[in-house]
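The values are calculated or read from the model by the stated rules, or taken from the named source; none is laboratory data. All values reported here derive from a predicted model rather than from experimental measurement. Neighbour counts run over all protein chains shown; Cβ positions are idealised from the backbone, glycine included. In case anyone asks, the SASA skips ligands and DNA or RNA and just uses the protein heavy atoms, side chains included. Shrake-Rupley method; radii C 1.70, N 1.55, O 1.52, S 1.80 Å.
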Amino acid sequence: MSNIFTIAMKDFYELIGNGSVITIILAFMCVIVLSSMYTLDQIRPSTEKVEVSGVMLNQLSYDIMSYGSIFAIVIGFFSMSVEKTGKALNTLVTKPVFRDTIINGKMLACMIFLMMVFCLVIAIYTAVLLILGGDAVGSALYDYVLRLPIVLIVVVLDAMFYMALSILLSILIRRPGVALLSTMVMFIFLDVIEPSVSFACNIVTILGDNGLYDHIRNFSPSTSLSSLVSSGLFDASVDIDSVLSSCWGDMTRLLLFVVILMFLCYTMFIRRDIS
């Protein structure tokens, strides 16, 4: 167990000390600040407390689902590729350290780093809204904070899915550039193309089975948040327990996707030759 935390701490500090990662984080923060300004423009004409909290949560979840997933891909890719190109992985696997310890430490470091960045992003977004929005934001703060943990859980699971996908493809594909490009192509397909109505309709038309429509769209991790939203997650007039009870299956499915991908990362790293 101590070896896992040792490797996790090593990877964590490497992520913090990497200039490219820090640059991406700063760009992420700039996007969040600009997004909060856009949110304020939407809030100012509003007089409904329910509408204000919904607008705040909707914009925040969209930003983290979009840019946060790309950030997760980058840190997953960086965690594997830098050490592969520097031959550090070859050194680690020849030491008295089990391969499962190495991959567990790397995934733990990535998850902790991801959570810290997301919490910082949420704090900056909320602080900017409170400072500039005044009473309009303050009056809706309770509803916003009450539903924020659910949004955080879903967006973190979504980001962990793409982080694990990035690690898996970095293990399977020897050339780092090809691995990153493949991961980005998979992200665009799963996050943009696959959950679209037109894509699902075309597949259903080709196969001639209307019952496949929901199954096709639900294969994308991003549809879990859409299901929560349609059930009233951003509507403060809808009881939070009823939202969770109607969408527990979607959240379980998203968690299952993450677990399967992490298991594949674990299995492939142990079985494949590292070079």
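Quick check on the range 156-177: of everything there that is among the small types (G, A, S) and under 16 Å from the mean Cα position of the chain (by Cα), which residue is nearest to F71 (Cα to Cα)? Explain how you work it out, then say what you get.
From the range 156-177, those among the small types (G, A, S) are 159, 164, 166, 170, 177; that's our starting set.
Narrowing further to those that are under 16 Å from the mean Cα position of the chain (by Cα): 159, 164, 166.
On the way: A159: 8, A164: 12, S166: 11 Å.
The qualifying residue nearest to F71 (Cα to Cα) is A159.
Checking each residue in the range 124-143 for being within 20 Å of the chain's Cα centre (by Cα) and either among the hydroxyl-bearing types (S, T, Y) or closer than 25 Å to T223 by Cα (or both) picks out Y125, T126.
Based on this model, can you work out whether V93 counts as modelled with pLDDT under 80, of a type in the set (A, V, I, L, M), open to solvent by less than 50 Å² (accessible area, probe 1.4 Å) and not in a loop (DSSP other than H, G, I, E, B)? Spelling it out, V93 is indeed modelled with pLDDT under 80, of a type in the set (A, V, I, L, M), open to solvent by less than 50 Å² (accessible area, probe 1.4 Å) and not in a loop (DSSP other than H, G, I, E, B). Among the residues that make up the range 126-143, is at least one of them more than 18 Å from E51 (Cα to Cα) and touching a residue at least 12 places away in the same chain (Cβ under 8 Å)? Checked the range 126-143: at least one residue is more than 18 Å from E51 (Cα to Cα) and touching a residue at least 12 places away in the same chain (Cβ under 8 Å). A residue that is modelled with pLDDT under 90 and not in a helix (DSSP H, G or I) occurs somewhere in the range 128-136. Does any residue of the range 108-121 turn out to be open to solvent by 30 Å² or more (accessible area, probe 1.4 Å) and among the small types (G, A, S)? No. Has the range 31-45 got at least one residue that is open to solvent by 80 Å² or more (accessible area, probe 1.4 Å), at pLDDT below 85 and either in a loop (DSSP other than H, G, I, E, B) or of a type in the set (A, V, I, L, M, F, W, C) (or both)? Scanning the range 31-45 turns up at least one residue that is open to solvent by 80 Å² or more (accessible area, probe 1.4 Å), at pLDDT below 85 and either in a loop (DSSP other than H, G, I, E, B) or of a type in the set (A, V, I, L, M, F, W, C) (or both).
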